[in-house]
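The next block holds one structure in the form of structure tokens; read it before the comments.
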Amino acid sequence: MKLIKALALFAVMSATAQDNYNLIVGTYTKACASKGIYVYDFNINTLECQLKSNTEGVVNPSYLTVSADKKFIYSVNEDGKNSAVSSFKFNSVTGKLDFINKTDSNGADPCYIINDDKNVLVANYSGGTISVFNKKADGSLADAVQVIKLTGSGPDKSRQEAPHAHMVYFSPDKKYVFANDLGTDKIYMYSYNPTGGTKTLTLKESFSVKAGSGPRHLIFNPNGTFLYVLQELEGLITTFDYVNDKLTQVQELNVTPNLLGGKHGAADIHISNDGKYLYATNRGDANTISAFRVHANGLLQMVQQISTQGSGPRNFTITPNDAYLLVANKNTNNIAIFKRDKSTGLLTDTGKKIELCQPVCLVFSGK
């Protein structure tokens, strides 16, 4: 009997533990009193949220990435000519972050960061570069082993006067790294060799989107057969078939079709864990999030467009159980929480918010 009770208690404790995740938030730190990176204990069923820890004095860690073993966090420091990339030791149980080191980002204003077992890769927006950093055994970062300088410009002279690398993203099989260049309306596809040193990334091909549209973020569907690219300047989503390592455009539509004459600022794009619905945020004069049904052929059909309950929506994330969606509203200093209907894809504002200075990047990570 005691054994049965012990097993039952263990099962309950395990189930409870699986409900709670670390919600890790990257912020801007110069406009208000942000301390950098924040770690919350977040229950994905009850929405209970408690601050576990935060950094001190970390400058503009606007985007971050967690190592696969959950032992390290890497962030950009988006700070003009002083821009850097930082590494932190991370205790996923307590949420504690300990600074390890930082190194020059080799390009102004890094705005996206990814990692695998060997490397950390960064897109530098103002610098128009892509930088590759080797990881050391203790989680620290070596100086950049490769820096790719993009070239060219686009028709929008106010935003596309030069290359603006806006994202780096692994293909589902990790054979390639895709990079969006807002400044030249191109998506670059690099062959990826994790131990390649100065040739970690080798250009395989590039793909163009509509001139002046400004590609910002992209996402693959869960089985890696379709690629969706979000264009900031014109608020577009372009759908590509991804077959035999080739991209073929099959659809293009607007995330905010009723924004007549208004200013677009499309920001982030994600797909539900079951692959059935896609979402995209739009800043500018919109401040909305749009929901799209994903058909079997990859084509999108809009089903909803609603307010993000704040201004300047940046990154957003979907909870691991697909039940809720959280949006970081940078300008209004809050993270809005929406309930998500798994069958229809529709979002409903829960009225719950996490108040925080200029949130940008939201990442769920297990303990």
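Values quoted throughout were computed directly from the atomic coordinates according to the rules given, and no laboratory measurement underlies them. No experiment lies behind these values; they were computed from the predicted model shown. Note that we place each Cβ from the backbone using ideal geometry, even for glycine, and neighbour counts take in every protein chain shown.
Using θ = phi - 60° and the Karplus form 6.51 cos²θ - 1.76 cosθ + 1.60, what ³J(HN,Hα) does each residue of the range 108-120 get, whole Hz, x for Gly and Pro?
Coupling constants for the range 108-120: 5, 6, x, 10, 7, 8, 9, 8, 9, 5, 9, 9, 10 Hz.
For Leu47, Leu233, what ranking results if the residue with the fewest other Cβ atoms within 10 Å of its Cβ goes first? Kindly include the intermediate steps, with their values, before the conclusion.
Numbers: Leu47 16, Leu233 24.
Fewest-to-most Cβ neighbours within 10 Å comes out as Leu47, Leu233.
May I ask which residue of Leu230, Ser311, Leu278 lies farthest towards the positive end of the charge dipole of the range 229-323, with charges of +1 (Lys, Arg) and -1 (Asp, Glu) on Cβ and the Cα centre as origin?
Of the listed residues, the answer is Ser311.
For the chain, state the semi-axes of the equivalent ellipsoid (square roots of 5 times the eigenvalues of the alpha-carbon gyration tensor), sorted largest first and rounded to whole angstrom.
Semi-axes, largest first: 30, 26, 21 Å.
Show me, bin by bin at 10 Å from 0, the whole-percent P(r) of the range 82-126 based on Cα pairs.
For the range 82-126, the binned pair fractions read 25, 47, 25, 3 percent.
Enumerate cysteines in the chain without a disulfide-compatible partner, where compatibility requires another Cys Cβ under 4.7 angstrom.
Cys49, Cys111, Cys361
For the range 254-260, what does the Karplus curve 6.51 cos²θ - 1.76 cosθ + 1.60, with θ = phi - 60°, yield as ³J(HN,Hα) per residue in whole Hz, taken in order and with x for Gly and Pro?
9, 6, 9, x, 9, 8, 6
Residue farthest toward the positive end of the dipole of the chain, with Cβ of Lys/Arg at +1 and Asp/Glu at -1: which of Asn334, Pro110, Phe292?
Asn334
Can you list residues whose amide H is under 5 Å from Ser213's amide H, if they're 5+ apart or on another chain and H is modeled 1.01 Å from N?
Hits under the 5 Å cutoff: none.
Quick one: which residues, 5+ away or cross-chain, put their amide H under 5 Å from the amide H of Leu346? H built at 1.01 Å from N.
So Leu346 has HN proximity to Asp341.
For the chain, give the magnitude of the charge dipole about the Cα centre (Cβ charges: +1 Lys/Arg, -1 Asp/Glu; no others), in debye to the nearest 20.
Taking the Cα centre of the chain as origin, the dipole is about 600 debye.
Among the aspartates and glutamates, which have Cα under 15 Å from the Cα of Lys353 when same-chain residues fewer than 8 positions away are ignored?
Asp41, Glu48
For Cys49, what charge total do you get from the other residues with a beta carbon under 14 Å from its beta carbon, if Lys and Arg give +1 and Asp and Glu give -1? Please report the intermediate quantities before stating the final value.
Working: positive: Lys52, Lys352, Lys353; negative: Asp19, Asp41, Glu48, Glu355.
Around Cys49, the surrounding residues sum to -1.
Which ³J(HN,Hα) values, rounded to whole Hz and listed in residue order, are derived for the range 89-100 from phi using the Karplus coefficients 6.51, -1.76 and 1.60 in 6.51 cos²θ - 1.76 cosθ + 1.60 with θ = phi - 60°, glycine and proline given as x?
After applying 6.51 cos²θ - 1.76 cosθ + 1.60, I find 6, 10, 9, 5, 7, 8, x, 5, 10, 10, 4, 9 Hz.
Can you give the translational diffusion coefficient of the range 247-367 in µm²/s, computed by Stokes-Einstein from the Kirkwood radius over Cα pairs at 20 °C and 1.002 mPa s?
Translational diffusion coefficient: 147 µm²/s.
Could you work out [θ]222 nm for the chain from helices alone, using -39500 (n - 2.57) per DSSP H run of at least four and dividing by all its residues? Round to the nearest 500 deg cm²/dmol.
Value at 222 nm, helices only: -1500 deg cm²/dmol.
Could you state, as a whole-number percent, how many of the C-alpha pairs of the range 305-367 are farther apart than 17 Å?
36 percent
Given contacts defined as C-alpha pairs under 8 Å and at least six residues apart, what's the relative contact order of the range 247-367, whole-number percent? Spell out each step's value before the answer.
Working: 282 pairs, mean separation 21.3, N = 121.
With pairs under 8 Å counted, the relative contact order is 18 percent.
With charges only on Cβ, +1 for K and R and -1 for D and E, what is the dipole size of the range 306-367 about its Cα centre, in debye, rounded to 20?
On the way: 8 positive and 4 negative charges, 21 e Å.
So the magnitude is around 100 debye.
Under a 5 Å amide H to amide H cut-off, with H placed in plane at 1.01 Å, what residues pair with Lys204 once short-range neighbours are removed?
Met189, Tyr190, Ser191
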